[in-house]
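Read the structure below first, then the notes.
The values are calculated or read from the model by the stated rules, or taken from the named source; none is laboratory data. Source: prediction; values computed, not measured. All Cβ positions, glycine included, derive from the backbone under ideal geometry; neighbour counts span all protein chains shown. SASA here: full protein model, heavy atoms, side chains in, ligands and nucleic acids out. Shrake-Rupley method; radii C 1.70, N 1.55, O 1.52, S 1.80 Å.
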Amino acid sequence: MKRLSGLSVVLLALVIIGAINWGLVGLFNWNLVAAIFGGAVHTDASVISRIIYVLVGVSGLALLGWLPRLGEHPIERRSEVRP
């Protein structure tokens with residue numbers, strides 16, 4: 001696995017934050033980013049839109065678990081040498 005650059009880590013972190021925010025919109029109809037930086041905290045969305053937002057949020061949480069492992073390298077397996 002190739003090590004990610006600093007910019008890639010920042011971009012991935014922003015995607016995760018955005019996905020978690022959309023998950024909050026889907027589950028609770030509450031926009032965390034708007035609450036912090038100003039704007040409409042509650043939005044009107046259809047049921048289908050909210051389901052999609054929840055799926056995006058779950059995806060962000062799944063990616064959040066990958067962050068600590070970004071710098072790891074896969075274990076190199078030794079191939080057996082047959083005579």
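Just one of (1) at pLDDT 70 or above; (2) in a loop (DSSP other than H, G, I, E, B); (3) surrounded by fewer than 10 Cβ atoms within 10 Å (Cβ to Cβ) trips up residue 48, so point out which. With (1) at pLDDT 70 or above; (2) in a loop (DSSP other than H, G, I, E, B); (3) surrounded by fewer than 10 Cβ atoms within 10 Å (Cβ to Cβ) applied to residue 48, the lone miss is (2). Any residue at all in segment 15-30 that's open to solvent by 100 Å² or more (accessible area, probe 1.4 Å), at pLDDT below 80 and part of a helix (DSSP H, G or I)? No, because not a single residue in segment 15-30 is open to solvent by 100 Å² or more (accessible area, probe 1.4 Å), at pLDDT below 80 and part of a helix (DSSP H, G or I). Among the residues of segment 31-45, just one is closer than 11 Å to residue 18 by Cα and part of a loop (DSSP other than H, G, I, E, B), namely 31. Take segment 57-70 and flag every residue that is open to solvent by 60 Å² or more (accessible area, probe 1.4 Å) and either in contact with a Phe, Trp or Tyr (Cβ under 9 Å, 6 or more places away or on another chain) or assigned to a loop (DSSP other than H, G, I, E, B) (or both). Residue satisfying the conditions is 66 alone.
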